[in-house]
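For reference, the structure discussed in these notes is given below.
The values are calculated or read from the model by the stated rules, or taken from the named source; none is laboratory data. The structure displayed is predicted, hence computed values, not measured ones. Glycine gets a Cβ as well: all are built from the backbone with ideal geometry, and neighbour counts include every protein chain shown. Accessible surface is based on the protein model in full, side chains and every heavy atom, while ligands, DNA and RNA are left aside. Shrake-Rupley method; radii C 1.70, N 1.55, O 1.52, S 1.80 Å.
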Amino acid sequence: RLRDLMNAFANSFEHADVVLVTDIYAAREEPIQGVSVEELLKEMKKVSTVPCFYLSKEEGVQTVRDFVRPHDVVVTLGAADITRFHSSISASLFENPPKKYIVGLIFG
């Protein structure tokens, strides 16, 4: 699917603030030449100005928490265990809600 829709995926997030991409789930498939997280990120950076980064699932919950601010929307999209990843993020945000930025301005 990623091989066939690489360009469509790369162009799908133009209105996002940040895109975090994790490992590709291979549904009992052998690796396909030229289809990887690195290739997807490379394609996204070619066609978009939206910041996009690789994110391992191990560091995922904390990294997402670092990005999220009140009223943000977090979308997880994918197959298989991404559902558990989403549940972990939701639980973490519920237990420790994101804090607002505190900004001080000094004019002189």
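Structure above, values below:
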{"item": "Straight-distance crosslink candidates among aspartates and glutamates, where the alpha carbon sits under 12 Å from K99 and sequence neighbours closer than 8 are dropped", "result": "D66, D72"}
{"item": "Interchain or long-range residues, amide H under 5 Å from V21's placed H", "result": "F53, Y54, L55"}
{"item": "Förster radius 25 Å - calculated FRET efficiency between H15 and S36, Cβ distance, rounded to 0.05", "result": "0.50"}
{"item": "Dipole magnitude (debye, nearest 20) for region 1-72, charges at Cβ of Lys, Arg, Asp, Glu", "result": "100"}
{"item": "Whether the chain is rounded, prolate or oblate, judged on the alpha carbon gyration tensor where a/c under 1.5 counts as rounded", "result": "oblate"}
{"item": "Accessible surface, per residue, of the chain when the full set of protein chains is kept, probe 1.4 Å, Å²", "result": "78"}
{"item": "Hz values of 3J(HN,Hα) by residue in region 54-71 - Karplus curve (6.51, -1.76, 1.60), Gly and Pro given as x", "result": "7, 9, 6, 5, 5, 9, x, 4, 5, 5, 4, 4, 5, 7, 6, 10, x, 6"}
{"item": "Phi-based couplings in Hz for region 38-45 (Karplus 6.51, -1.76, 1.60; Gly and Pro marked x)", "result": "4, 5, 4, 4, 4, 5, 4, 5"}
{"item": "Computed [θ] at 222 nm, helices only, for the chain once each DSSP H run of length n ≥ 4 contributes -39500 (n - 2.57)", "result": "-13000 deg cm²/dmol"}
{"item": "Estimated vicinal HN-Hα couplings, Hz - region 6-11 in sequence order (Karplus 6.51, -1.76, 1.60; Gly, Pro = x)", "result": "3, 5, 5, 4, 4, 8"}
